[in-house]
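The values are calculated or read from the model by the stated rules, or taken from the named source; none is laboratory data. None of these values were measured; they are calculated from a predicted model. Positions of Cβ are generated from backbone atoms using ideal geometry, with glycine treated the same way; all protein chains shown enter the neighbour counts. The accessibility values were calculated without ligands, DNA or RNA, using every heavy atom of the protein model including side chains. Shrake-Rupley method; radii C 1.70, N 1.55, O 1.52, S 1.80 Å.
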Amino acid sequence: MTAEKVAIVVAGGSGMGAAAARRLAGDGFRVAVLSSSGKGEALARELGGFGVTGSNRSNEDLRRLVDGTLERWGRVDVLVNSAGHGPRAPIVELTDEQWQAGMETYFLNVARSVRLVAPVMQRQRGGSIVNISTAWVIEPSHMFPTSAVFRAGLAAYTKLFAGAYAADNVRINNVLPGWIDSLPATEERAQSVPMQRYGTSEEVAAAIAFLASGESSYITGQSLRVDGGVVRAL
């Protein structure tokens with residue numbers, strides 16, 4: 001059976017990824033979820049969807065996710081790429097192995113899944129890819145060095161992909177969350193936000209849902225901040 005709309009959420013077992021899966025299901029999407037913990041499979045069952053326990057570092061696991069989605073529903077309309085947390089240390093103390101882990105976590109996670117899904121969307125003549133990045137991609141924070149470096153690379157990748165696939169009506173955009181409630185909360189961080197609070201995973205999910213929808217049909221290659229005004233640079 002072919003569903004009207006189908007979304008894949010990678011690293012969707014908890015946090016912003018799980019909130020995105022719930023929001024998209026609520027918007028009428030059939031949802032497929034990958035997570036390494038097993039929480040993604042449980043969430044997918046709850047939402048009447050399809051789940052895979054595996055890693056976004058594994059091409060084989062991602063292939064099982066995409067193939068299983070196509071077997072069930074015959075199409076992929078939306079791909080959401082979430083991520084875990086990469087290594088953190090003072091900038092010159094990061095080892096080669098830690099930099100490699102950061103690239104796996106924040107950049108190659110997207111490149112792998114897009115490589116599988118883009119041909120499907122191209123054949124369909126439409127689709128939307130949304131990557132969860134970070135508010136500090138332009139103004140990097142010393143607290144998250146591997147995230148800042150490799151998500152800057154993700155921003156460039158997004159622009160390159162957008163130019164290559166826009167004529168096929170395949171779009172790609174990033175959301176840039178700031179301090180969100182899926183992270184441990186501190187009063188100091190909350191006070192650093194002009195809105196004086198942490199954002200919620202549901203607020204990030206709402207931005208993802210917008211970029212996944214037809215309401216954003218003329219938007220591609222862009223980055224949308226969801227950060228309460230923390231970063232205001234152009």
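Quick look at the values:
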read-out: Cα centre as origin, Lys/Arg/Asp/Glu Cβ charges: region 76-211 dipole, Debye; value: 560 debye
read-out: Sequence-separation-based contact order of region 71-120, relative, with Cα cut under 8 Å and 6+ spacing, percent; value: 47 percent
read-out: Carbon and sulfur %, accessible surface of region 67-153 computed with the full protein complex present, 1.4 Å; value: 54 percent
read-out: Taking the chain and dividing mean pair separation by its residue count, relative contact order in percent (alpha carbons under 8 Å, at least six apart); value: 19 percent
read-out: From phi via Karplus (6.51, -1.76, 1.60), per-residue ³J(HN,Hα) for region 57-67 in Hz, x at Gly/Pro; value: 8, 10, 4, 5, 5, 5, 5, 4, 5, 5, 4
read-out: Where region 175-234 is the region considered: accessible area per residue in Å², 1.4 Å probe; value: 55 Å²
read-out: Accessible area of region 1-149 divided out per residue, in Å², using a probe of 1.4 angstrom; value: 44 Å²
read-out: Dipole axis of the chain (+1 Lys, Arg; -1 Asp, Glu on Cβ), positive-most option in Gly17, Ile172, Gln191; value: Ile172
read-out: Assigned charges on the beta-carbon of Lys, Arg, Asp, Glu; the chain dipole about Cα centre (debye); value: 540 debye
read-out: Those chymotrypsin sites (Phe, Trp or Tyr not before Pro) in region 154-234 that DSSP places in a loop and that have at most 12 other beta carbons within 10 Å; value: Tyr218
read-out: Long-range HN-HN contacts of Leu224 with modeled amide H, under 5 Å; value: Asn174, Val175, Leu176
